[in-house]
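*Asks:* Can you keep this structure in mind? I'll have questions shortly.
Values quoted throughout were computed directly from the atomic coordinates according to the rules given, and no laboratory measurement underlies them. Everything quoted here is computed from the prediction, not taken from an experiment. Positions of Cβ are generated from backbone atoms using ideal geometry, with glycine treated the same way; all protein chains shown enter the neighbour counts.
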Amino acid sequence: MTKVDIISGFLGAGKTTLIRKLLKAHEDEKVVLIENEFGEIGIDGEIVEREGFQVLELSTGCICCSMKIDFFNTITTVIEQLKPERIIIEPTGIGLLSEIIDIVNKQELKGKCSVNSLITVIDSINYLEQLDGFGDFFEDQITNASILILSKTQFVNDDEIKNSISSLRELNKKAFIVKDNWDNLSHQDFKEFLNGDLMLDLDEILHLENQHNLKKGIDNVSLESEREFTEEELEKILIKLKNSLYGKVLRGKGFLKGAEQDLEFNYVNGQYVIEDSEIEGNGRMCIIGKDLDKSRIKLLFKNRLGKVKRWK
Ligand SMILES: Nc1nc2c(ncn2[C@@H]2O[C@H](COP(=O)(O)OP(=O)(O)OP(=O)(O)O)[C@@H](O)[C@H]2O)c(=O)[nH]1
């Protein structure tokens, strides 16, 4: 029977980063990653594939709502054709964990696969603010998790961690909470997270009411650009994205061609990181947020800064 592990968490929380560590710790098993991207083009799959893992990308919507059928068909095909020991599922940051559990638990999949662990990654820098603005997603992702793993804890102080943990405890009394800096965790620790010991009683999964309204206003812009960026140009663009002129940008990511070195950028709730890209910059990027001004965002990445640009 194929084990299914679901790694959820809000936009930019650190799901892909954690999954890369989990995959490395399970190299001795046949694992398939099903990655769901909200945007029209997949961004993260290539980097995981380059590390030698099998990845299937489902993009252009959430597997818990608009892509439910595609998701069910993908799991069925993966089990029948690839016969993996384990499937790891990475929903989008706005995926509803309860809905995804329901699909994996469907009668048609009984005896073929079973839910093994339910991990939700919590961004310790942004958690309390995101809970305030998008509490509905969090309630579903947090209350239904068996393990809550805090990310980026090296960037916050002990009091901030304590506050996040007490808020998480109010929502989920039972989950095992991990607050260690990931750099200090061993291969064995990452193995333990998926051993299934801490599973919940699946009959207790909580469903929110009016789920379909939860995603209102959250949208994305996917872009492909041949343009070469310098680090400075890219930084100026990411700083501009904080301006409400573009909408409320929650997440951005991409692998861009660089003037000297190809660049990878990650933007989460106003903070950003620009790094030398581990893969060849393919010019693909995705911006996710609320009430986005898509045309302005497209122009921002298309035009060289410094040129005078008139808005229509
Ligand atoms: N140093 C450090 N960086 C982290 C940690 N978790 C996430 N990051 C960084 O946070 C950014 C977003 O991480 P991802 O793993 O792409 O987040 P995600 O949840 O997969 O994001 P989406 O695909 O948008 O849902 C990247 O720049 C990561 O390097 C952590 O624990 N420590």
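*Asks:* Please order 102, 183, 276, 158 by the number of other Cβ within 10 Å, starting at the fewest. Kindly include the intermediate steps, with their values, before the conclusion.
*Replies:* Values: 102 15, 183 6, 276 12, 158 9.
Placing the least packed residue first, the sequence is 183, 158, 276, 102.
*Asks:* Would you pull out the residues with amide H under 5 Å of residue 34's amide H, same chain only if 5 or more places away, H placed 1.01 Å from N?
*Replies:* 56, 88, 89, 90
*Asks:* Output wanted: per-residue J couplings in Hz (rounded whole) for region 278-284, from phi through Karplus 6.51 cos²θ - 1.76 cosθ + 1.60, θ = phi - 60°, x for Gly and Pro.
*Replies:* 6, 10, 4, x, 9, x, 8
*Asks:* Per DSSP H run of n ≥ 4, the term is -39500 (n - 2.57); total these for the chain, divide by its residue number, and report the mean residue ellipticity at 222 nm rounded to 500 deg cm²/dmol. Present the calculation step by step, with values, prior to reporting the outcome.
*Replies:* Values: 9 runs with 92 residues, N = 312.
Helix contribution divided over all residues of the chain: -8500 deg cm²/dmol.
*Asks:* Could I ask something else about it? How large is ³J(HN,Hα) for each residue in region 192-209, as worked out from phi by the Karplus curve 6.51 cos²θ - 1.76 cosθ + 1.60 (θ = phi - 60°), to whole Hz, x for Gly and Pro?
*Replies:* Karplus values, whole Hz, x for Gly and Pro: 4, 4, 9, 8, x, 5, 9, 5, 8, 6, 5, 6, 8, 4, 9, 10, 7, 7.
*Asks:* Over the chain, what is the relative contact order in whole percent, taking alpha-carbon pairs under 8 Å and six or more residues apart?
*Replies:* Numbers: 586 pairs, mean separation 58.3, N = 312.
About 19 percent, as a whole number.
*Asks:* If you don't mind, another one. Could you tell me the center-to-center distance, by alpha carbons, between region 1-18 and region 130-183 in angstrom?
*Replies:* 15
*Asks:* If you place +1 on the Cβ of every Lys and Arg and -1 on the Cβ of every Asp and Glu, how big does the dipole about the Cα centre of region 218-302 come out, in debye to the nearest 20?
*Replies:* Values: 14 positive and 17 negative charges, 150 e Å.
Dipole of region 218-302, to the nearest 20 debye: 720 debye.
*Asks:* Of 152/257; 240/290; 253/294; 15/191; 215/248, which sit over 23 Å apart, Cα to Cα?
*Replies:* Details: 152/257 27 Å; 240/290 16 Å; 253/294 15 Å; 15/191 16 Å; 215/248 14 Å.
Those over the limit are 152/257.
*Asks:* Let me ask something else. Name the residues whose placed amide hydrogens come within less than 5 Å of the amide hydrogen of residue 2, ignoring near sequence neighbours (fewer than 5 apart) on the same chain.
*Replies:* 113, 114
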